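The values are calculated or read from the model by the stated rules, or taken from the named source; none is laboratory data. Bear in mind that the values here come from a model prediction, so they are computed numbers and not experimental data. Methodologically, a virtual Cβ is constructed for each residue, glycine included, from the backbone with ideal geometry; neighbour enumeration extends over all protein chains shown.
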């Protein structure tokens, strides 16, 4: 019985080299990853030369997690903004043979800090402030909602001044350059050429497949080797066991924030195949693993240090059985048409067709961080039509989403088997949004022949998050201490919530502060001397409040069990 499958990505024709076949050849790559994994798929020729990218998950390929400001071993958290994850996909990154300018903090004063970059930070459209360990369990694993994101800004970085290079691309999701950003930010998107092969992180809830169309130019390389590299944060075992405080960089001024992320290195699978032959090739064995710290692109041979079960290590690609074949990593080529279909269940007939855009696309806000999308994939006259992939894109802003903007838009994983058949309305809930933001959503779909529909788009504005002022209105204190989540700002915020808001006079004081502190905050934000003077005034208050509210904070935090 054919297992449930979803096309993760369908890419355009790949090109390189001299002609070997007269027509393109379709190839399918089959696998089932664990959740929250980063992946890359690429092709090499039989001599080990890189010839084409097939897929890279968007956190690495679009959001630049492997080439961004900060120490490489900064502590992590959900949507952590800093710390290049150079160990994410090192074999893929180095074998591509491309380099990019290394990104460092534009703020040249605190290159080893999680915070204190306010003078070089602009509004962030994806990453969140670092989380404390107890928050990682309540925010990341349960709701995955950024705490009051409108108060959080990030230093987008600048090119390393001495010309240092990285094998990973910078982020390309930034449509605008703020006056606080480095001018280099304007070049990030132009440097990153991976738009056509980035895809959402797989959900991990079932088998996936990617359809690629190999051009005659690429087929000229002869038989090929298909590689898949997969990694996952904090995937530890007895051979790769790391400690939060000793093996990661802990910012001494913000020591409570962030959790450990190091673990077993990336694992690589390989399958050799001839795309001109109609055949499925698969393997259950991994080919090797990368450097645990991403220092080189070395592929280390398999050994006993890598786990092989419970979704860990080599089991990050699960064992799948389809059409009688059992594998973790599989490749099916349709061949050049010279071989008949043996009736083994692999393959799907193709006819050229024009796919219309989805119909009746609507968006409805259901929670401050959730939007319900409804749309209908048009009914198809062709009985051989097979839906392969549905992609939902989102981007922040009031400009309507266009094809030209898709390279910068974030992509949402969609399981095709959860959608209604063509001709019937489908409903999809988009989560992990931010309150009081305007979003543009776009939907496209593809068939098993790698034919893609036109783009349909819709705009919606989410409702404000309740109690969003917890992070967003400590204007003056935030400017003085450099970040809205420092201990001093947290203490002053607690004083406001625990004491001031309990009386009419306190509420009036809070309203007065909200009304008059923003201009003062703006005035001192860029002046170190004024910021220092403000801290002199605020520090005694913060210290007193910290002592006064200590017992209440302890009681409030007691029921929460930290996530490890």
- [ ] With respect to residue 270, determine if the residue is at pLDDT 95 or above and surrounded by 15 or more Cβ atoms within 10 Å (Cβ to Cβ).
- [x] yes
TODO: Report, by residue number, each residue of region 411-436 that is buried (at least 19 other Cβ atoms within 10 Å of the Cβ), at pLDDT below 90 and in contact with a helix residue (DSSP H, G or I) (Cβ under 9 Å, 6 or more places away or on another chain).
DONE: 434, 435
Task: Number of positions in region 221-243 that are surrounded by 16 or more Cβ atoms within 10 Å (Cβ to Cβ) and over 22 Å from residue 310 (Cα atoms) - done: 5
- [ ] Look at region 374-391 and say how many of its residues are within 13 Å of residue 426 (Cα to Cα) and crowded, with 20+ Cβ neighbours inside 10 Å.
- [x] 3
- [ ] Taking residue 79 as the residue in question, decide whether it is in contact (Cβ under 8 Å) with a residue 60 or more places away in the chain and on the phi > 0 side of the Ramachandran plot.
- [x] yes
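In this structure, does residue 278 turn out to be more than 21 Å from residue 39 (Cα to Cα), over 27 Å from the mean Cα position of the chain (by Cα) and touching a residue at least 60 places away in the same chain (Cβ under 8 Å)?
yes
Only one of 282, 313, 335 is surrounded by 15 or more Cβ atoms within 10 Å (Cβ to Cβ) and closer than 20 Å to residue 235 by Cα; which?
Testing whether each residue is surrounded by 15 or more Cβ atoms within 10 Å (Cβ to Cβ) and closer than 20 Å to residue 235 by Cα leaves just 313.
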- [ ] Would you tally the residues in region 105-127 being buried (at least 18 other Cβ atoms within 10 Å of the Cβ), at pLDDT 80 or above and assigned to a loop (DSSP other than H, G, I, E, B)?
- [x] 11
Task: Failed item in (1) at positive phi; (2) touching a strand residue (DSSP E or B) at 6+ places or on another chain (Cβ under 8 Å), with residue 324 passing the rest - done: (2)
Task: Selection status of residue 328, within 21 Å of residue 225 (Cα to Cα) and under 32 Å from the mean Cα position of the chain (by Cα) - done: yes
Open item on the list: If residue 210 satisfies all but one of (1) crowded, with 19+ Cβ neighbours inside 10 Å; (2) at pLDDT 90 or above; (3) in a loop (DSSP other than H, G, I, E, B), what's the number of the condition it fails?
Closed with: (3)
TODO: Give the residue, chosen from 41, 65, that is modelled with pLDDT of 95 or more, surrounded by 19 or more Cβ atoms within 10 Å (Cβ to Cβ), part of a strand (DSSP E or B) and under 18 Å from the mean Cα position of the chain (by Cα).
DONE: 41
Open item on the list: Looking at (1) out of contact with any strand residue (DSSP E or B) (no Cβ under 9 Å at 6 or more places or on another chain); (2) more than 19 Å from residue 261 (Cα to Cα), which one does residue 92 not meet, given that it meets all the others?
Closed with: (1)
Task: Top-ranked residue of region 128-155 - restricted to ones that are within 29 Å of residue 90 (Cβ to Cβ), within 16 Å of the chain's Cα centre (by Cα) and surrounded by 22 or more Cβ atoms within 10 Å (Cβ to Cβ), ranked as modelled with the lowest pLDDT - done: 146
